[in-house]
Amino acid sequence: MIALSLAEIAEIVGGQSYDIPDPDLRVTGPVVIDSRAVQPGALFAAFAGEKVDGHDYAQRAAAAGAAAVLATRPVGVPAIVVPDVTAALGALARSVVERLGTTTVALTGSSGKTSTKDLIAQVLERKGPTVYPAGNLNNEIGLPLTALRAAEDTEHLVLEMGARYIGDIRYLTGLVPPKVSLVLNVGTAHIGEFGGREQIAEAKGEIVECLPPADAGGVAVLNADDPLVRAMASRTKARVILFGEAADADVRAENVRLTRQGQPAFTLHTPTGCSDVTMRLYGEHHVSNALAAAAVAHELGMSVDEIALALSEAGTLSRWRMEVTERPDGVTVVNDAYNANPESMRAALRALAAMGQGRRTWAVLGQMAELGGEALAEHDAVGRLAVRLNVSKLVAVGGREASWLQLGAYNEGSWGEESVHVSDAQAAVDLLRSELRPGDVVLVKASRSVGLERVAQALLETTTEGEVTGR
């Protein structure tokens with residue numbers, strides 16, 4: 001964060017100072033919410049959670065060198081006390097970004113947000129200093145924390161915006177108004193909470209409504225291949241740029257194909273030329289993510305050759321998202337267990353099929369959460385797709401929803417031992433350890449709450465113990 005005095009911060013957030021001997025003392029370190037991450041000169045924001053109250057760690061933060069604590073009550077060490085720490089954090093983030101004049105890029109979508117954010121960051125870093133979230137810090141706390149990492153030399157601030165309700169993204173864009181907004185897709189993630197895809201589109205489209213008009217530099221980057229996203233062009237006064245495989249897309253891909261390793265390759269077309277891309281990432285779904293990143297970078301002044309090179313060299317920055325690791329015995333483990341929805345599950349299965357040509361393939365799948373009344377049909381459809389893609393064996397892990405996965409596979413024609421339902425992660429590990437052969441490819445994927453990353457981690461352990469790490 002840019003250096004600010006405690007007096008300045010108190011004025012920005014509308015707080016009262018307690019136990020501060022020197023109001024001119026400057027915060028020169030990061031803003032953190034974990035006392036273990038405090039560095040000298042940091043500002044520690046104390047949140048009261050269901051199990052842990054950050055106020056109880058104020059003394060520890062001060063001892064570690066925090067300049068002050070942002071809190072809702074006096075804590076016996078230098079503190080700025082506010083009614084609402086979340087709101088104060090947001091106000092501080094907005095003030096800092098306004099002072100910097102950094103170009104802010106905001107993106108949202110039902111799936112692919114974090115992977116696309118990582119691609120955009122890696123491409124834009126070649127143009128100038130870029131700040132972006134670690135992982136998927138995309139809510140009312142994570143977004144301000146990311147924005148507050150911006151410094152005087154930051155040229156680009158890339159922000160991921162998530163939503164569970166209509167109005168969430170409007171609030172986030174109010175904290176840090178973007179100049180460029182990107183909408184990837186409207187899928188079925190959180191459909192149980194929103195009530196339908198039209199409601200999801202209503203929520204996601206808030207990200208383009210906040211943009212400045214075209215003559216003030218506002219740019220809306222929209223997916224030409226998704227009708228609900230394309231329709232958002234009517235909700236903004238910004239200039240609209242379309243990306244996708246549609247013939248009228250401003251930034252599009254042609255000659256899309258997968259290498260023998262399952263990595264996408266294509267010809268990138270932009271308004272200023274074309275260039276070939278071969279990605280290091282796995283799965284054809286990354287083509288759309290790459291086009292989105294390319295559209296943003298092109299709007300910010302990068303050449304098509306610069307963009308193509310950056311996309312070809314970009315890697316995975318966030319864990320458990322199509323992490324591909326080959327064991328010494330030739331077994332390949334694809335850990336995509338961070339989260340799952342129907343769209344990302346289908347994309348991962350297609351990637352598995354491409355990677356496994358001539359090899360045995362395993363799909364270790366669990367529940368896709370928050371699908372509401374669509375849960376049965378969507379799990380059944382994923383089980384059926386695994387069979388249609390000739391996945392060698394489906395291992396459905398968990399309770400009712402996992403049984404629907406296995407039932408879909410059975411009804412599609414997966415009989416005998418081609419699909420199996422097991423109770424938990426340890427049972428899946430035991431099965432795989434007994435049946436995997438050198439050269440097999442294993443995909444592990446489910447919603448975050450299922451915790452199937454433990455299966456992938458166990459398969460990559462050198463120990464022969466039958467326990468799942470971290471269980």
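Ranking request for peptides 19-32, 305-318: highest mean number of other beta-carbon atoms within 10 Å first, then the rest in descending order. Write down the numbers at each step before the final one.
Working: 19-32: 15.4, 305-318: 18.6.
The packing order, highest mean first, is 305-318, 19-32.
Please compute the contact order of the chain in relative form: average sequence separation of alpha-carbon pairs under 8 Å and at least six residues apart, divided by the residue count, as a percent. Don't skip to the end; give the middle numbers.
Numbers: 1118 pairs, mean separation 47.9, N = 471.
Across the chain, relative contact order equals 10 percent.
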For the chain, dividing by residue count, accessible area per residue (probe 1.4 Å) in Å² works out to 40 Å²
Contour minus Cα-Cα span, Val52 to Asp215, at 0.36 nm per residue, comes to 53.9 nm
Counting only DSSP beta bridges fully inside the range 32-90, the antiparallel percentage to nearest 5 is 10 percent
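Taking R0 as 45 Å, what FRET efficiency do you get between Lys237 and Ser17 from their Cβ-Cβ distance, rounded to the nearest 0.05?
0.60
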Amide H neighbours of Gly14 at under 5 Å, excluding residues fewer than 5 places away on the same chain, with H built from the backbone geometry, are none
Length gained if Asp24 through Ser423 is fully extended, taking 0.36 nm per residue and subtracting the Cα-Cα distance, is 137.7 nm
Once Asp276 and Asn255 are pulled to full extension, the length gained, defined as 0.36 nm per residue separation minus their Cα-Cα distance, is 6.6 nm
Everything considered on the Cα gyration tensor (a ≥ b ≥ c; rounded for a/c under 1.5, else prolate if a/b is larger than b/c, else oblate), the range 336-434 must be described as rounded
Surpassing 27 Å at the alpha-carbon level, of the pairs Lys127/Lys445; Lys51/Lys113; Lys51/Lys204; Lys51/Lys179; Lys117/Lys179; Lys117/Lys393, are Lys127/Lys445; Lys51/Lys113; Lys51/Lys204; Lys51/Lys179; Lys117/Lys393
A correct Karplus calculation of ³J(HN,Hα) over the range 57-66, with 6.51 cos²θ - 1.76 cosθ + 1.60, θ = phi - 60°, whole Hz and x for Gly and Pro, returns 10, 4, 4, 4, 5, 5, 5, 7, x, 4
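With the Cα gyration tensor of the range 235-278 giving a ≥ b ≥ c as the square roots of its eigenvalues, does the rule (a/c under 1.5 for rounded; else a/b larger than b/c for prolate; else oblate) give rounded, prolate or oblate?
On the way: a/c = 3.20, a/b = 2.22, b/c = 1.44.
Here the range 235-278 falls in the prolate category.
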For the pair Glu152 and Asp329, the simple spin-label estimate (label points 7 Å beyond Cα toward Cβ) gives in nm 5.7 nm
Counting only protein heavy atoms and leaving out ligands, DNA and RNA, the solvent-accessible surface of Ser303 at a 1.4 Å probe, in Å² to the nearest 10, equals 50 Å²
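Which of rounded, prolate or oblate describes the range 36-84 when judged by the alpha-carbon gyration tensor and an a/c cut-off of 1.5? Could you put the intermediate results ahead of the total?
Numbers: a/c = 1.87, a/b = 1.31, b/c = 1.43.
Judged from the Cα gyration tensor, the range 36-84 comes out oblate (a/c at least 1.5, b/c at or above a/b).
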Ranking Ser110, Ser449 from most to least accessible area with a 1.4 Å probe gives Ser449, Ser110
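Given R₀ = 35 Å, FRET efficiency for Ala3-Arg126 by Cβ-Cβ distance, to 0.05?
Values: r = 28 Å, r/R0 = 0.80.
The computed FRET efficiency comes out at 0.80.
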Carbon plus sulfur, as percent of the 1.4 Å-probe accessible area of the chain, comes to 47 percent
Simple SL model, points at 7 angstrom along Cα→Cβ for Thr267 and Ala63; separation in nm is 6.5 nm
Dimensionless Rg/Rh of the chain, both radii on Cα and Rh by Kirkwood, sits at 1.00
The ³J(HN,Hα) series, computed from each phi in the range 215-227 with the Karplus coefficients 6.51, -1.76 and 1.60 at θ = phi - 60°, rounded to the nearest Hz and given as x for glycine or proline, is 6, 9, x, x, 9, 9, 9, 10, 6, 5, 8, 10, x
Within the range 360-446, DSSP-loop GluC sites (Glu not before Pro) with at most 14 other C-beta atoms within 10 Å are Glu417
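The values are calculated or read from the model by the stated rules, or taken from the named source; none is laboratory data. Remember, predicted model here, so these are calculated numbers, not experimental data. All Cβ positions, even for glycine, are placed from backbone atoms using ideal geometry, and neighbour counts span all protein chains on display. The area values use the complete protein model at the heavy-atom level, side chains included, leaving out ligands, DNA and RNA. Shrake-Rupley method; radii C 1.70, N 1.55, O 1.52, S 1.80 Å.
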